[in-house]
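Comments concern the structure below.
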Amino acid sequence: MPTAGDPPVSPSPAQPQPAHSRPALPDAGARARVDSWAWAVRLFRTRSLAAAACRAGHVRVNGERAKPATPVKVGDEVHVRGEGLERIVVAKKIITKRVGAALVPECIIDNSPPPPTKLDTPVAGARDRGAGRPTKRERREIDALRGREHH
């Protein structure tokens with residue numbers, strides 16, 4: 001038993017250190033909801049837009065359609081389709097708090113294809129101003145250009 005005059009004893013390596021003095025290690029089994037994670041790494045402007053995209057089927061985790069509560073873990077591949085392009089990202093770090101754009105590369109690996117240039121995208125169904133309503137034949141041609149089928 002130490003007395004008042006004895007020097008303080010430092011903890012031995014076998015004794016556990018308090019939690020506040022241990023370095024924070026990333027949890028290998030960390031998981032987060034896909035809507036929350038996609039919002040946090042700036043794939044969507046709001047979390048509600050991320051959840052709506054999940055419900056609409058525009059988000060896939062490892063090739064499977066994801067509901068908003070689908071868990072994402074390190075190494076998962078997330079496909080997000082929207083605004084005319086597809087984003088393919090791999091989760092490098094799991095976060096739930098939104099971070100600045102400069103910190104996003106620490107959390108994801110972006111495997112997205114480059115966006116198409118203006119020259120690559122055809123103008124589908126461009127009509128002269130004042131040409132009026134398209135005829136049935138023209139409408140079918142426009143739908144064929146856009147990849148839609150008519151009934």
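What follows is calculated from the coordinates using simple rules that are stated; it is not laboratory data. Note that the structure is predicted; figures quoted are calculated from it, not measured. With ideal geometry, Cβ positions are generated from the backbone for all residues, glycine too; neighbour counts draw on all protein chains shown.
Look at the range 43-61: where a residue is without any contact (Cβ under 8 Å) to a residue 24 or more places away in the chain and within 18 Å of VAL90 (Cα to Cα) and a partner is assigned to a loop (DSSP other than H, G, I, E, B) and not aromatic (Phe, Trp, Tyr), sitting 6+ places away or on another chain with Cβ atoms under 9 Å, you get ALA50/LEU43; ALA50/PRO68; CYS54/ALA66; CYS54/LYS67; CYS54/PRO68; CYS54/ALA69; CYS54/THR70; ARG60/ALA66.
The residues of the range 41-88 that are of a type in the set (Lys, Arg) and either out of contact with any Phe, Trp or Tyr (no Cβ under 7 Å at 6 or more places or on another chain) or more than 24 Å from ALA102 (Cα to Cα) (or both), listed by number, are ARG42, ARG45, ARG55, ARG60, ARG65, LYS67, LYS73, ARG81, ARG87. Looking at ALA66, ALA91, just one residue is farther than 13 Å from ASN111 by Cα and among the hydrophobic types (A, V, I, L, M, F, W, C), and that residue is ALA66.
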